[in-house]
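Heads up, the thing below is written out as structure tokens.
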Amino acid sequence: MRTKLVAGNWKMHGSLAGNLGLLQAVRDGARGQAEIAVCVPYPYLAQARAVLDGSKVAWGGQDVSEHAQGAYTGEVSGSMLADFGCRYVLVGHSERRSFYGDTDAVVAAKFAAALKVGLTPVLCVGETLAEREAGITGAVVTRQLDAVLANSGVAAFSRAVVAYEPVWAIGTGRTASPAQAQEVHALIRARFVSDSAEIAAGLQILYGGSVKPGNARELFGQADIDGGLIGGASLVAEDFLAIHVAA
Ligand code: 13P
């Protein structure tokens, strides 16, 4: 049985004063069987570490530079995230891909950079509404995975997580149905089976896109859904904890 993981992605939300209660409530309320983590904006990593250190709640970043160091103004390296005790880092979130030009090649380089410093990359993949309507969901997700597999190899996925986040379900209140999500999760796992049945069997594949306390249990009950990547609901401790318990 794969251990489930519920990870929050705060995106660009928070304040030093406001985060404290949220982090403490998540730390003190985390009673589920699943693993749990929060990916916070860079300036709040020190605060996350201070509050969560020694608890069952892990923390991480939302992006990472593909470079180790150098003249890359505004970027944050994997070793800097590791310095702050991060376990996880998101790579290839659809907002990075669509607003900040993260191509498949850049995402593959960021994934490799994260692994190199011992972080667990959470590789986000997913199709837009237009791509789904054009019937190319499988092709898009496979292309996104293949770029990383070609660069890092299948064995790297023993130390990584995949998150399927259909772009049309992110922040829209429109969730993929459990059957729709399961179909793509099965396709993702099958893509790994062709390279390594063992890696495929152990791979955590999270679902993200308008996961709420009311729909989490059914989503997480699907055979190939190993937890969730939670946006909006991770900003409300009660909701995030309810989702965690559902996993
Ligand atoms: P929402 O849960 O707000 O739809 O966001 C999902 C997401 O993008 C998590 O990374």
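The values are calculated or read from the model by the stated rules, or taken from the named source; none is laboratory data. Small disclaimer: the values here were computed from a predicted structure and weren't measured. Cβ atoms come from the backbone with ideal geometry, glycine included; neighbour counts cover every protein chain shown.
Filter the range 15-33 down to the residues that are in contact (Cβ under 8 Å) with a residue 40 or more places away in the chain and either within 16 Å of the ligand (Cβ to nearest atom) or among the hydrophobic types (A, V, I, L, M, F, W, C) (or both), then identify the one that is surrounded by the most Cβ atoms within 10 Å (Cβ to Cβ). The extreme case among them is 26. Looking only at residues of the range 194-232 that are near the ligand (Cβ under 10 Å from one of its atoms) and without any contact (Cβ under 8 Å) to a residue 40 or more places away in the chain, we find that the one that is nearest to residue 95 (Cα to Cα) is 211. When the range 210-247 is filtered for residues that are surrounded by 21 or more Cβ atoms within 10 Å (Cβ to Cβ), assigned to a loop (DSSP other than H, G, I, E, B) and out of contact with any helix residue (DSSP H, G or I) (no Cβ under 7 Å at 6 or more places or on another chain), the ones remaining, listed by number, are 226, 231.
Test of understanding: among 174, 159, which residue is charged (D, E, K, R), in contact with a Leu (Cβ under 7 Å, 6 or more places away or on another chain), surrounded by fewer than 21 Cβ atoms within 10 Å (Cβ to Cβ) and farther than 16 Å from residue 125 by Cα? If you could, list the steps in order and put the result at the bottom.
Working: 174 fails: in contact with a Leu (Cβ under 7 Å, 6 or more places away or on another chain).
Unique residue meeting the criteria: 159.
Cβ-Cβ distances below 8 Å connect the following pairs, each with a first residue in the range 151-166 that is farther than 21 Å from residue 140 by Cβ, a second residue that is of a type in the set (S, T, N, Q) and not in a helix (DSSP H, G or I), and a separation of six or more residues or different chains: 155/196; 159/120.
No other residue among 176, 163, 200 is part of a helix (DSSP H, G or I) and of a type outside the set (Ser, Thr, Tyr) apart from 200. Being away from the ligand (no atom under 16 Å from the Cβ) and either modelled with pLDDT under 95 or exposed (fewer than 13 other Cβ atoms within 10 Å of the Cβ) (or both) holds for only one residue in 134, 108, 113, and it is 134.
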